Structures are given as structure tokens and as C-alpha cells.
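The values are calculated or read from the model by the stated rules, or taken from the named source; none is laboratory data. Nothing here was measured: the structure is a model prediction, and the numbers come from that model. When we count neighbours, we look across all protein chains shown, and the Cβ atoms used for this are built from the backbone with ideal geometry, even at glycine.
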Amino acid sequence: RKEVEQDPGPFNVPEGATVAFNCTYSNSASQSFFWYRQDCRKEPKLLMSVYSSGNEDGRFTAQLNRASQYISLLIRDSKLSDSATYLCVALSGSARQLTFGSGTQLTVLP
Amino acid sequence: EAQVTQNPRYLITVTGKKLTVTCSQNMNHEYMSWYRQDPGLGLRQIYYSMNVEVTDKGDVPEGYKVSRKEKRNFPLILESPSPNQTSLYFCASSFTGTGSYEQYFGPGTRLTVT
């Protein structure tokens, strides 16, 4: 079983739609969680950190449920420029090891 | 500009010919790491370094070596590359200590071993 699991998609949604990605993690000792965005053939870039209280950054909302070991990302009013692969990431250990999910591919259609 | 650089960006080589992929960061980060990315498997950590002269294995270290002689550089060495090392490689760096520090990634090196 993978330590961080995501639905690979692809998700094809129309512009303006709301889309939600889910992710589960198996290591209960994981300390911090993130969503990274990766454009085709480019490096991953941090989209947002995920806090237990939930956090919002513009059209993006991230939630963490430690009891269920579940993380989510909600994108409202999706734009063409949101098309990318979204990576769910867990950080654990004093070695600051990042464990990545395989990514969920999103395509926003005009 | 704060950045992580990798060279080369693209490399095609033959089985058994030693190669080195360089990684350099200008952000004074203590932590550096190498990942490989393969379809369906996501990013997997190869090696990491918490500071100068301190390196350790990640999840998939077989066939790779690293060194950390200077804070800014963290080269990845393939002594005898094999076709199963064909992949997209990323170097990353971050601060250490308490807190959730963002890892910054280099632009990637696409390696093909024939």
C-alpha cells in the first residue's frame, strides 16, 4: 500500500467548475502536509500547506482530518491556468522526508 | 534570484558510462535531496543531506551515490547507469529546524540510459 494515495484522474472540468481532490496517508506520525502543483515536465511548486483547522488561499481551500488520515483540496471557479497535476505530500521524521502521492491530473476546459 | 539549478537538463547515455548530475542552490539551505519521478510511481526520494558531510539514503538509493562537500552543492553520481535508471530527476532544498519549510525544486534532469 502506498504511503500517500491519490486518485490519479484525469479530471476534466469546464471553466468555472468547482473540483475537489482527495488524498489519504498511512503514516500516522506524519507531521505536516502540503499540496504541490506540477505543470507538464516542470518541477513541483508549493501550492499551499495544509493545516488541521483548514486554510484558504483565494480560490483554493485545503483541509486535513488527522483522525481519518485524509487531506483534501478544493478549487473553486476553476481557470484554464489551473490545468496541472496536483501532488499530495506528507512530511515526516526528523529527516524531513517528503512522501509524494502519484498526483491527480486536472484539465480545465474552455 | 533564489533558485535551485541542475545540470545537465537532458542527458542520453549508454549503460555503464559513469555520469554526474550537478545540483546547486543559492538560498543557504541546510537540507538538500534528490528525487526521481516515474509514471504512476510519483516522486521517490533517492538520497538526502541534512547538512555538509551528512548524507543518508532515501527510499530508492540503489545505483546512486551523492556527496555534500559544500553547503550549496549536492551532486548525484551514477557509477554504472542502467536502463532502469531512465527517469526524470529533481533536486530540492529547504531550511531545516522546526516548522514546515517549503522544499524548492530544481528544473529537473531528464536522463535516458540506452
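Would you say B:Arg36 is part of a strand (DSSP E or B), more than 9 Å from chain A (Cβ to nearest Cβ) and among the basic types (Lys, Arg)?
Details: part of a strand (DSSP E or B): yes; more than 9 Å from chain A (Cβ to nearest Cβ): yes; among the basic types (Lys, Arg): yes.
For B:Arg36, the condition - part of a strand (DSSP E or B), more than 9 Å from chain A (Cβ to nearest Cβ) and among the basic types (Lys, Arg) - is met.
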(message) If B:Glu102 meets every condition in (1) within 14 Å of another protein chain (Cβ to nearest Cβ); (2) surrounded by fewer than 17 Cβ atoms within 10 Å (Cβ to Cβ); (3) within 13 Å of the chain's Cα centre (by Cα); (4) among the charged types (D, E, K, R) apart from one, which number is that one?
(response) (3)
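Given the residues B:Leu43, B:Leu111, B:Leu88, which is the only one that is assigned to a strand (DSSP E or B), modelled with pLDDT under 95 and either within 10 Å of the chain's Cα centre (by Cα) or closer than 28 Å to A:Glu5 by Cα (or both)? Show your work before the answer.
Numbers: B:Leu111 fails: modelled with pLDDT under 95; B:Leu88 fails: modelled with pLDDT under 95.
Result of the check over B:Leu43, B:Leu111, B:Leu88: B:Leu43.
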(message) Suppose the filter is on the phi < 0 side of the Ramachandran plot, in a strand (DSSP E or B) and touching a strand residue (DSSP E or B) at 6+ places or on another chain (Cβ under 7 Å); does B:Tyr101 pass it?
(response) no
(message) Suppose we keep only residues that are closer than 13 Å to A:Gln105 by Cβ and either polar (S, T, N, Q) or out of contact with any Ser or Thr (no Cβ under 7 Å at 6 or more places or on another chain) (or both) within region A:1-38. Which one would you say is farthest from the other protein chains (Cβ to nearest Cβ)?
(response) A:Asn12
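Conditions tested, residue by residue: (1) at pLDDT 90 or above; (2) closer than 27 Å to B:Tyr48 by Cβ; (3) loosely packed, with under 14 Cβ neighbours inside 10 Å.
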{"site": "A:Tyr51", "(1), (2), (3)": "no, yes, yes"}
{"site": "A:Glu56", "(1), (2), (3)": "yes, no, yes"}
{"site": "A:Ala62", "(1), (2), (3)": "yes, yes, no"}
{"site": "A:Ser72", "(1), (2), (3)": "yes, no, no"}
{"site": "A:Leu80", "(1), (2), (3)": "yes, no, yes"}
(request) Pairs only if they're at least six apart or on different chains, beta carbon under 6 angstrom, first in region A:18-37 and touching a residue at least 40 places away in the same chain (Cβ under 8 Å) and among the hydrophobic types (A, V, I, L, M, F, W, C), second crowded, with 18+ Cβ neighbours inside 10 Å and not in a strand (DSSP E or B); list them, first residue then second. (result) A:Val19/A:Ser78; A:Cys23/A:Gly101
(message) As an exercise: evaluate A:Arg66 against (1) within 30 Å of B:Lys57 (Cα to Cα); (2) within 14 Å of chain B (Cβ to nearest Cβ) and give the number of the one condition it does not meet.
(response) (2)
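Conditions (1) more than 8 Å from chain A (Cβ to nearest Cβ); (2) surrounded by 14 or more Cβ atoms within 10 Å (Cβ to Cβ), marked per residue:
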| position | (1), (2) |
| --- | --- |
| B:Lys69 | yes, no |
| B:Arg72 | yes, yes |
| B:Leu78 | yes, yes |
| B:Pro81 | yes, yes |
| B:Cys91 | yes, yes |
| B:Phe95 | yes, yes |
| B:Gly108 | no, yes |
| B:Leu111 | yes, yes |
| B:Thr114 | yes, no |
(message) Of all residues being more than 9 Å from chain B (Cβ to nearest Cβ) and not in a strand (DSSP E or B) in region A:82-110, which is surrounded by the fewest Cβ atoms within 10 Å (Cβ to Cβ)? Just the residue, please.
(response) A:Pro110
(message) Between a residue in region A:39-50 that is farther than 15 Å from A:Ala90 by Cβ and more than 7 Å from every other protein chain (Cβ to nearest Cβ) and any residue that is of a type in the set (Gly, Ala, Ser) and in a strand (DSSP E or B), which pairs come within a Cβ distance under 7 Å, given they are 6 or more apart or on different chains?
(response) A:Asp39/A:Ala84
